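Okay, so here's the structure we're looking at.
FYI, it's all coordinate maths here, none of it is from the lab. For clarity, every value in this text was computed on a predicted model and none was experimentally measured. All Cβ positions, glycine included, derive from the backbone under ideal geometry; neighbour counts span all protein chains shown.
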Amino acid sequence: MTPSPGPSGFNGHSAPVASSRLTDAVAASLAIGAFSLCLVVGITVLSIKASMAMPIIG
C-alpha cells in the first residue's frame with residue numbers, strides 16, 4: 001500500500017468552515033442563552049426564599 005501524496009489526518013492545513021459572522025452569531029446566541037438561564041435560576045431562588053419566609057396560614 002503506497003501512502004497518498006497529500007496530507008492526511010489532522011496534520012494538514014485546516015480550512016475555515018464557517019464565516020466569522022456565523023461564529024459571532026453563534027457566540028451571541030450562546031451568551032444570551034446563558035444569561036437567560038442565569039436569570040431564570042436567580043428568579044427561582046429568590047421566589048423560593050420569599051415563599052419560605054411567608055408564614056403558613058391555616
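A Förster distance of 22 Å, applied to the separation of the beta-carbon atoms of ALA18 and VAL40, puts the FRET efficiency at 0.15. If R0 is taken as 22 Å, the Cβ-Cβ distance between ALA53 and ILE32 corresponds to a FRET efficiency of 0.10.
According to the square roots a ≥ b ≥ c of the eigenvalues of the Cα gyration tensor, what is the shape class of the stretch 16-58, taking rounded for a/c under 1.5, prolate for a/b larger than b/c otherwise, and oblate for the remainder? Verdict is prolate for the stretch 16-58.
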